[in-house]
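Participant: Got a structure for you, questions after.
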Amino acid sequence: MINKVVFLDRDGVINHDPDDYTYLLEETTILPGIINFAKQVKAKGYLIIVITNQGGIDKGRYTHEHVAAVNDFIEKEFAKEGVKIEEFFYCPHHNAIQACLCRKPDSLLIEKALHRYKADPSKSYFIGDKWRDTECGEKVGVKGIKIDVNVISDNLIKLID
Ligand SMILES: [Mg+2]
Ligand SMILES: [Zn+2]
């Protein structure tokens, strides 16, 4: 267990969440401040991994391809600024349709990520705009930081050791 990770929720933390599903590339905008925050996080030696619920797939609102296109766009926008996102993990299920273990606040995806990246949960953080994000982290010993939806404060970095 050598790595430390800052886990980010996607919608409302990286890109603007219009309070409905974000799946069209043309409606995807990166929030001001998030890439700068990510740079600071990398400078402190953290890996960055995204964990997102995409239950709209189960509901038939959009497809895996839509999710991949938005994820690719985000990955490239960060890469342009020299910030690597290690991986995107997403749950395509919705609890109204079927039960699963990967939809936040359940912890299967973060457990996978911690294992895959040999990360120490006690040195890692989960930043999300919903309680289910921070709860997901806290279930496995990762510190949760709850932010307001679509708001990346300049002070956020001060919460990361
Ligand atoms: Mg969110
Ligand atoms: Zn799931």
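The values are calculated or read from the model by the stated rules, or taken from the named source; none is laboratory data. For clarity, every value in this text was computed on a predicted model and none was experimentally measured. In this analysis, Cβ positions are derived from the backbone assuming ideal geometry, glycine residues included, and neighbour counts consider all displayed protein chains.
Participant: Out of Thr63, Thr134, I need the residue that is farther than 27 Å from Asn155 by Cα and not aromatic (Phe, Trp, Tyr). Which one?
Facilitator: On inspection, the qualifying residue turns out to be Thr63.
Participant: Next up: Working carefully through the options Ser122, Ser107, find the one that is away from ligand 1 (no atom under 16 Å from the Cβ) and either modelled with pLDDT under 95 or crowded, with 17+ Cβ neighbours inside 10 Å (or both).
Facilitator: Just one listed residue meets the conditions, Ser107.
Participant: Run down Asn71, Asn95 and say which single residue is within 18 Å of Ile127 (Cβ to Cβ) and either polar (S, T, N, Q) or outside any helix (DSSP H, G or I) (or both).
Facilitator: Answer to the check: Asn71.
Participant: Within the stretch 29-68, work out how many residues are in a helix (DSSP H, G or I), closer than 25 Å to Cys100 by Cβ and without any contact (Cβ under 8 Å) to a residue 24 or more places away in the chain.
Facilitator: 2
Participant: Among the candidates Ile110, Ile127, Ile152, Ile157, which residue alone is within 16 Å of ligand 2 (Cβ to nearest atom) and either out of contact with any Ser or Thr (no Cβ under 7 Å at 6 or more places or on another chain) or assigned to a loop (DSSP other than H, G, I, E, B) (or both)?
Facilitator: Ile110
Participant: Among the residues of the stretch 19-37, how many are out of contact with any helix residue (DSSP H, G or I) (no Cβ under 7 Å at 6 or more places or on another chain) and under 16 Å from Asn53 (Cβ atoms)?
Facilitator: Total meeting the criteria: 3.
Participant: Restricting attention to the stretch 125-161, and to residues there that are farther than 21 Å from Lys39 by Cα and of a type in the set (Val, Ile, Thr), which single residue is farthest from ligand 1 (Cβ to nearest atom)? Before you say what the answer is, go through the steps one by one.
Facilitator: Filtering the stretch 125-161 for residues farther than 21 Å from Lys39 by Cα gives 130-141.
Still in the list and also of a type in the set (Val, Ile, Thr): 134, 140.
Details: Thr134: 11, Val140: 19 Å.
Residue satisfying both the conditions and the ranking: Val140.
Participant: So in the stretch 134-160, with the set limited to residues that are touching a residue at least 60 places away in the same chain (Cβ under 8 Å) and out of contact with any Leu (no Cβ under 9 Å at 6 or more places or on another chain), which one is surrounded by the fewest Cβ atoms within 10 Å (Cβ to Cβ)?
Facilitator: Asp154
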